[in-house]
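Read the figures in this text as sums done on the coordinates, not as results from a lab. No experiment lies behind these values; they were computed from the predicted model shown. Cβ coordinates were reconstructed from backbone atoms using ideal geometry, including for glycine residues, and neighbour counts include every protein chain displayed.
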C-alpha cells in the first residue's frame, strides 16, 4: 500500500517540509546536470533546490544526448561550477563575471567527473569554483573529498556570492530533510550522524 505524498514537496504527508520552504527569486538560471543514478535517491538535495529556486532546470541522464539542451545556452554568459585548475573564484568581486546561467553537476565526485568528461560542450565553458567553502552541513552522505558540499549547498553558496541571496532557505530545507531521515534511524545511528 503506497503512502500519500504531499502534492508540493513530494515527501510523505507525515514528513511534509512545506512549512520550511522559502521561495528564492534567483536571477542566474541554475542548470543542474543530474546523473541518472541520483534521480530517485532519497538523500539527493536537488529535490529541495527545485522547491526553493525560481529559476532552475534539472536535466537527468548519463551521456551527451541526454543533455542536448545545453547547446542552446549562451556560451559567453554560462559557467560551469567545477574546481578545475583555471576556475575563477566566485567570491572574487573584482572578476568580470557576467553570468546568466550556472551549470551544476549533481552526483558523486566519480559520477560528476564522468559527466564532465562525457559532455563535450562543458569543455567550452569557463569554470568557476569557490576560494573557501562554508561548512558542510549535510551529514547524511559521505563525500570522498574534504572540500565537498551537497549540490543544494553549492547552489546556495554560488548564488550568495554572485547575487547576495541568503543561504538560510537552503539550510532550513536541508535541516528539515535531515530531521526526517534521522527520526527513522536507530538512536545510536542517529547520534553518530548528529555528532559529525
message: Quick check: residue separation of residue 68 and residue 86 times 0.36 nm, minus the Cα distance between them. What number comes out in nm?
response: 4.0 nm
- prompt: Mean shadow of segment 19-63, computed from the convex hull of its alpha carbons, in nm²?
  reply: 3.5
query: Going by how many other beta carbons lie within 10 Å of each one, how would you line up 106, 65, 120, fewest first?
result: 65, 120, 106
task: Could you compute the FRET efficiency for residue 19 and residue 164, with r as their C-beta to C-beta distance and R0 at 25 Å, rounded to 0.05?
output: 0.45
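On full extension of the chain, what length is gained from residue 59 through residue 124, given 0.36 nm per residue of separation minus the C-alpha to C-alpha distance?
Values: separation 65, 0.36 × 65 = 23.40 nm, distance 1.87 nm.
Difference between extended and current length: 21.5 nm.
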- line: Plugging the Cβ-Cβ distance of residue 132 and residue 108 into 1/(1 + (r/R0)^6) at R0 = 22 Å yields, to the nearest 0.05, a FRET efficiency of 0.45
- prompt: How many nm separate the modelled label positions at residue 27 and residue 3, each set 7 Å beyond the Cα in the direction of the Cβ?
  reply: 4.2
field: Net length gained if the chain between residue 116 and residue 43 were fully extended (0.36 nm per residue, minus Cα distance)
entry: 24.1 nm
